[in-house]
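Worksheet: the structure to be examined is printed underneath.
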Amino acid sequence: MNENKNVSFRFAERKDTALILTFIKELAEYEKMGDEVIADEETLEEQIFDKNGAEVIFALYDGKEVGFALFFHNFSTFLGRRGLYLEDLYVRPEYRGRGIGKAILKKLAETAVERGCGRLEWWCLDWNKPSIDFYLSLGAEPMSDWTTYRIAGDTLKKLAGIK
C-alpha cells in the first residue's frame, strides 16, 4: 500500500469525546441516518472510556483530525481468538481521495496483527458503492452467505422480559 506521509494517527482520549460525537454525526448525515443518532457526550464518555466498550483512532492530515475509526474486539470461536470489529470509519469529504481511508484500514490491520487477532471485519451499507469498491480493491471479501440480524430498543427490552 502506498504510504501517505501526511497522515498520522492518535488514539482518542477522554477529552476527545465531543470530537468523537462530531464525527459520528457527520458519518450519520453521510449515511442519510442523521435522525438516528441519540448518542451524547456523557454516554460516549462512559461507554468508551469508563467501560472500555470501544476504542477510537483519529487520522490526522498535516496534524489536523480529518477522519476516525471506532472499533472493538469481538471473538471467533472457530479461530479461537479475538478479532477487531470496525463499527465506523469516516473521512471528511474534503479529505477523501488522499489515501486516508486506506491508511486507517492499514493502521487497524497492524493493530489487529500486533494484538494477535485473527481477523478484521465490518459492515457496509448496500448502497454505498464507492466504499464497497474501495474495500474490494483492498482484498476484502463480502460475506454473502450471512445475513445480519438485530434486536434493539423496545424489542430488546421485550425479549429481556423488561416492560
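So, in segment 6-26, exactly how many residues are assigned to a helix (DSSP H, G or I), touching a residue at least 40 places away in the same chain (Cβ under 8 Å) and not acidic (Asp, Glu)?
Selection size over segment 6-26: 4.
Of all the residues that make up segment 142-153, how many are loosely packed, with under 10 Cβ neighbours inside 10 Å and either of a type in the set (Asp, Glu) or free of Cβ contacts under 8 Å to residues at least 24 places away in the same chain (or both)?
The qualifying residues number 8.
Among the residues of segment 1-17, count how many are of a type in the set (A, V, I, L, M) and either closer than 15 Å to Ala54 by Cα or surrounded by fewer than 12 Cβ atoms within 10 Å (Cβ to Cβ) (or both).
2
Residues are listed down the side, and each one gets a yes or a no for (1) surrounded by fewer than 20 Cβ atoms within 10 Å (Cβ to Cβ); (2) touching a strand residue (DSSP E or B) at 6+ places or on another chain (Cβ under 6 Å); (3) not in a strand (DSSP E or B); (4) not hydroxyl-bearing (Ser, Thr, Tyr):
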| site | (1), (2), (3), (4) |
| --- | --- |
| Ala28 | yes, no, yes, yes |
| Leu86 | yes, yes, no, yes |
| Gly97 | yes, no, yes, yes |
| Gly101 | no, yes, yes, yes |
| Thr111 | yes, no, yes, no |
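Please find, within segment 63-115, the residue that is nearest to the chain's Cα centre (by Cα) out of those that are of a type in the set (Ser, Thr, Tyr) and under 19 Å from Glu26 (Cβ atoms).
Here the answer is Tyr90.
Please specify each residue of segment 116-135 satisfying the condition of being over 17 Å from the mean Cα position of the chain (by Cα) and at negative phi.
Gly118, Trp127, Lys129, Asp133
Condition first: surrounded by 11 or more Cβ atoms within 10 Å (Cβ to Cβ) and in a loop (DSSP other than H, G, I, E, B). Now tell me which residues in segment 124-141 satisfy that.
Cys124, Leu125, Asn128, Leu138, Ala140
Here, each number is a calculation from the coordinates, and none is a lab measurement. Given the structure is predicted, the values throughout are model-derived calculations rather than measurements. So basically every Cβ, Gly included, is an ideal-geometry build from the backbone, and we count neighbours across all protein chains shown.
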